[in-house]
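Visitor: One structure, as structure tokens, below. Some questions next.
The values are calculated or read from the model by the stated rules, or taken from the named source; none is laboratory data. Source: prediction; values computed, not measured. Methodologically, a virtual Cβ is constructed for each residue, glycine included, from the backbone with ideal geometry; neighbour enumeration extends over all protein chains shown.
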Amino acid sequence: MSRTVHVRAPSRLHFGMFSFGHADRPQFGGVGVMVEPPAVDVTISPSPAFAIRGALQQRVVKFVDKLVEQWKLGTAPACEIRVEAPRDHTGLGVGTQLGLAVAVGLRRFLERPPIPVPYLANELGRGARSGIGTLGFEHGGLIVDGGRYPGDVSNPFMRQTLPSDWRFVLICRREQQGLTGEVEAEAFARLPPVPESVTTELQRITSDELTAAVTWKDCVAFGDAVYRFSRLAGECFAPIQGGPFAGAHTEKLVEAIRDHGVPGVGQSSWGPTVFAITANDAEAKALAEWLRERCGATDCDITIARPNNEGAQVSAL
């Protein structure tokens, strides 16, 4: 245990869920992609005593406490865990990526046999609804999550490699965050079940258009399919959000980007992160500049992200 272990996990963009509110069929599921930057970086180094440095320290403490109990360690190992991560609760799946990065890193640091990622997620209490972040941590790329029945540990899924030239422009309001924890659970409890016709259409868009566009490397067709998928899936959350997106500001931003000529726009999870899909780095830079100068996005963080097709990277120094 004299080595330093580093884990870098990408961010997750969630386009929307297929279904919820039905006990007789797989629930949640949906479509999403893994991108970076931003990313979650976890470095675990030898130390005389357990210590945590950097971002999201309280979340790290909770994850380590769960792992100590699950792995019957007795006490936290003598190590320093240092974290660099984006702001939490912005629709990027930071909690799942952080928890899995800590768990995978600690297994490597302690020189213990690896545990399959879905089981690690279960030990940490992650991925109870969507499996995209868990699957994306392991595989990267575009993930189509088939959903799960209560009690299932892993989800059936399909994965595709995204064209490396594509770029995702991320726009996130600095003073806003999405739903999480008990508030999120209560929101789901209040939502009506997704109509079967909506689920059928979301699955049709995915199989007939979205994944086909990835195969053909057609960024415009992919973006248009993602927009229609994201908007339709978002309508299922209208009783909580007030519409298909997280408030009037987000909806106006989505439509402004589309009017500017970029068809592929959506909201990741509960937001506030909005993503726009472009074919290459030059288009992404032009859009980012337009957003900064002409779209009133001065209160937002704007990031150009590339597809992550590998999942999390683990190294020992």
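Visitor: With respect to Glu235, is the statement that it is more than 17 Å from Ser19 (Cα to Cα) and surrounded by fewer than 24 Cβ atoms within 10 Å (Cβ to Cβ) true? Walk me through how you get there before you give the answer.
Guide: Numbers: more than 17 Å from Ser19 (Cα to Cα): no; surrounded by fewer than 24 Cβ atoms within 10 Å (Cβ to Cβ): yes.
Judged against the criteria, Glu235 is not a match.
Visitor: Tell me which residues, restricted to the stretch 184-238, are of a type in the set (D, E, K, R) and not in a helix (DSSP H, G or I). Don't jump to the end; show me each part of the working.
Guide: First, the residues of the stretch 184-238 that are of a type in the set (D, E, K, R): 184, 186, 190, 196, 201, 204, 208-209, 217-218, 224, 228, 231, 235.
Lys217, Asp218, listed by residue number.
Visitor: Could you list, in sequence order, all residues of the stretch 4-45 that are of a type in the set (D, E, K, R) and either touching a helix residue (DSSP H, G or I) at 6+ places or on another chain (Cβ under 9 Å) or buried (at least 24 other Cβ atoms within 10 Å of the Cβ) (or both)? Full working, then the answer.
Guide: Here is the first cut: in the stretch 4-45, the ones of a type in the set (D, E, K, R) are 8, 12, 24-25, 36, 41.
Scanning the stretch 4-45 gives Arg8, Arg12, Arg25, Asp41.
For every residue, the table says whether it meets (1) touching a Pro at 6+ places or on another chain (Cβ under 6 Å); (2) crowded, with 16+ Cβ neighbours inside 10 Å.
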residue	(1), (2)
Thr211	no, yes
Thr215	no, no
Arg231	yes, yes
Gly242	no, no
Val265	no, yes
Phe275	no, yes
Ala279	no, yes
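Visitor: Cβ-Cβ distance below 7 Å, separation of 6 or more or different chains: which pairs start in the stretch 199-212 with a residue that is at pLDDT 95 or above and end on one that is among the β-branched types (Val, Ile, Thr)?
Guide: Thr206/Val31; Thr206/Val144; Leu210/Val31; Leu210/Val226; Thr211/Val144
Visitor: Quick check, is Gln97 of a type in the set (S, T, N, Q) and farther than 25 Å from Ala233 by Cα? Let's see the steps before the verdict.
Guide: On the way: of a type in the set (S, T, N, Q): yes; farther than 25 Å from Ala233 by Cα: no.
Here the answer is no, as Gln97 does not meet what is asked.
Visitor: Which one of these is in the same structural domain as Phe50 (by TED's automatic domain parsing), under 18 Å from Val33 (Cα atoms) and among the charged types (D, E, K, R): Arg126, Arg148, Arg87?
Guide: Arg126
Visitor: Right, here's the next one. Within the stretch 83-125, can you find the residues that are of a type in the set (D, E, K, R) and either buried (at least 24 other Cβ atoms within 10 Å of the Cβ) or in contact (Cβ under 8 Å) with a residue 60 or more places away in the chain (or both)? Full working, then the answer.
Guide: Going residue by residue through the stretch 83-125, those that are of a type in the set (D, E, K, R) are 84, 87-88, 107-108, 111-112, 123.
Correct list: Arg87, Asp88, Arg108, Glu111.
Visitor: Tell me which residues, restricted to the stretch 31-70, are part of a strand (DSSP E or B) and of a type in the set (Ser, Thr, Tyr).
Guide: Residues of the stretch 31-70 part of a strand (DSSP E or B): 31-46, 51-54.
Matches in the stretch 31-70: Thr43, Ser45.
Visitor: Only one of Ala101, Ala121 is touching an Asp or Glu at 6+ places or on another chain (Cβ under 9 Å), over 21 Å from Val226 (Cα atoms) and outside the structural domain of Glu209 (by TED's automatic domain parsing). Can you tell me which?
Guide: Numbers: Ala121 fails: touching an Asp or Glu at 6+ places or on another chain (Cβ under 9 Å).
The conditions single out Ala101.
Visitor: Separate question: Determine which single condition Ile143 fails, assuming it passes every other condition in (1) modelled with pLDDT of 80 or more; (2) surrounded by 14 or more Cβ atoms within 10 Å (Cβ to Cβ); (3) assigned by TED's automatic domain parsing to the domain that holds Ile302.
Guide: With respect to (1) modelled with pLDDT of 80 or more; (2) surrounded by 14 or more Cβ atoms within 10 Å (Cβ to Cβ); (3) assigned by TED's automatic domain parsing to the domain that holds Ile302, Ile143 is out only on (3).
Visitor: Given the conditions (1) surrounded by fewer than 20 Cβ atoms within 10 Å (Cβ to Cβ); (2) touching a residue at least 12 places away in the same chain (Cβ under 8 Å); (3) not hydroxyl-bearing (Ser, Thr, Tyr), report the number of the one that Asn308 does not fulfil.
Guide: Of (1) surrounded by fewer than 20 Cβ atoms within 10 Å (Cβ to Cβ); (2) touching a residue at least 12 places away in the same chain (Cβ under 8 Å); (3) not hydroxyl-bearing (Ser, Thr, Tyr), only one is false for Asn308: (1).
Visitor: Quick check on the stretch 1-30: of everything there that is in a loop (DSSP other than H, G, I, E, B) and among the aromatic types (Phe, Trp, Tyr), which residue is farthest from Arg190 (Cα to Cα)? Outline the logic, then answer.
Guide: Going residue by residue through the stretch 1-30, those that are in a loop (DSSP other than H, G, I, E, B) are 1-4, 17-18, 20-26, 29.
Now restrict to residues that are among the aromatic types (Phe, Trp, Tyr): 18, 20.
Working: Phe18: 17, Phe20: 11 Å.
Taking the candidates together, the pick is Phe18.
Visitor: Oh, and also: Return the total of residues in the stretch 262-317 being at pLDDT below 95, charged (D, E, K, R) and outside any strand (DSSP E or B).
Guide: Number of matching residues: 5.
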